[in-house]
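The values are calculated or read from the model by the stated rules, or taken from the named source; none is laboratory data. The model shown is predicted, which means the values in this text are computed figures rather than measured ones. Virtual Cβ from ideal backbone geometry, glycine too; neighbours counted across all protein chains shown.
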Amino acid sequence: MTRVAINGYGTIGRRVADAVVAQPDMELAGVAKTRPNYEAELAARRGYPLYAAIEDRVPRFEEAGIDLAGTVDELVDDADIVVDACPSGIGAENKDLYEEYDTPAIYQGGEDADLVDTSFNARGNFEDAVDADHVRVVSCNTTGLSRLLAPLREEFGVEKARVTLVRRGGDPAQSGRGPINDILPNPITLPSHHGPDVKTIFPDLAIDTLGLKVPATLMHTHSVNVTLDSEPSADEVRDLLAEESRLFMIRPGMGIDGAGKALDYADDLGRGRGDLFENAVWSESVSMEDRDLYLFQAIHQESDVVPENVDAVRAMLGLADRDESIARTDETLDIGL
Ligand code: NAD
């Protein structure tokens, strides 16, 4: 059994911890928290071994009546691999700790690409992470774009992708984020960071991206235009995308008209937290004009990177090849709608 540690038990870390517990070939070594807040209490409730991320704060956990198994350095020493799900920039600060104990580490999309040996998306470049010590699972938006572009590149060839990303202002629990009542080109200048980030997965891809931020918390929405090398019909594109387990093709007649209903549907799938791990692609939006493909997709920012972290563990430690790992992760997390 591969022992996986989680450092940073927030939006992403909590989900990855549960996903690790669901894997037959992995066990959760423990989770590290800086404070004895509600997230620490939830970890204790689930019976997850809890470690203090900052040694000086051990007394605060004791005062809150939350038992600790130790401090983060003991957790990192004990684990075969660590998933760092700390806020952007903290992962880079933690790298020395992981190197000190010779523990391979997975970082999240908020870290710079040059921190790691390779950026990672299971469908896009699984093999690049084999035997790597430091790997970054790309952001929610880059994950969503990589999953879509990988099969298009393989089957039809991609001359150029152009994507406008309408991004949620913050996650539901991020009460300090915005905008509250505005529509912001963000950034105002081109390109948004997403295009260059997708190129960390597909270095030879031509892609331009524009970003906006809107007063929403549910999901991101992408307006996608891809000029293909060949000229398939819209049905051929739909059939190709339908074969991908991490693309959920919203069929006509489902009545899912936006992120609200997509997550309402996900709520009742019984996965816990109402997570939608798959890209939600509107089948009806898939259109071809000569070699130009157009479509809309929505991305559940809080959950789409979760299966990717699980697959990154297997890639780095050589536990399975791409197809085996994706299949195992999908089966255990009930992915593939
Ligand atoms: P979050 O704020 O929800 O969770 C981070 C957790 O780390 C919090 O519990 C915080 O208390 C804890 N923490 C802070 N400093 C720490 C330290 N030194 N040691 C241990 N724990 C520490 O953040 P998040 O949304 O889960 O984001 C984590 C990473 O995932 C970021 O790189 C982010 O860019 C990336 N990401 C976030 C999303 C998203 O939409 N939330 C999607 C994809 C990727």
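Being surrounded by 18 or more Cβ atoms within 10 Å (Cβ to Cβ), in contact with a Phe, Trp or Tyr (Cβ under 7 Å, 6 or more places away or on another chain) and in a strand (DSSP E or B), is that true of even one residue in region 201-214? No, region 201-214 contains no residue that is surrounded by 18 or more Cβ atoms within 10 Å (Cβ to Cβ), in contact with a Phe, Trp or Tyr (Cβ under 7 Å, 6 or more places away or on another chain) and in a strand (DSSP E or B). If the condition is being within 18 Å of L228 (Cβ to Cβ) and in a helix (DSSP H, G or I), then region 284-322 contributes only S285. Output yes when any residue across region 108-122 is in the same structural domain as S325 (by TED's automatic domain parsing), within 14 Å of the ligand (Cβ to nearest atom) and among the aromatic types (F, W, Y), and no when none is. Yes - at least one qualifying residue is present in region 108-122.
Taking region 52-103 as the range and being among the aliphatic types (A, V, I, L, M), touching a residue at least 60 places away in the same chain (Cβ under 8 Å) and within 18 Å of N37 (Cβ to Cβ) as the test, the residues that pass are V72, A85, I90.
Filtering region 69-88 to residues that are more than 11 Å from the ligand (Cβ to nearest atom) and of a type in the set (D, E, K, R) leaves D73, E74, D77, D78, D80. You will find that of L263, L240, the residue that is under 17 Å from T221 (Cβ atoms) and not in a loop (DSSP other than H, G, I, E, B) is L263 and no other. Entry remark, region 252-269: residues being touching a residue at least 24 places away in the same chain (Cβ under 8 Å) and surrounded by fewer than 18 Cβ atoms within 10 Å (Cβ to Cβ) number 4 in total.
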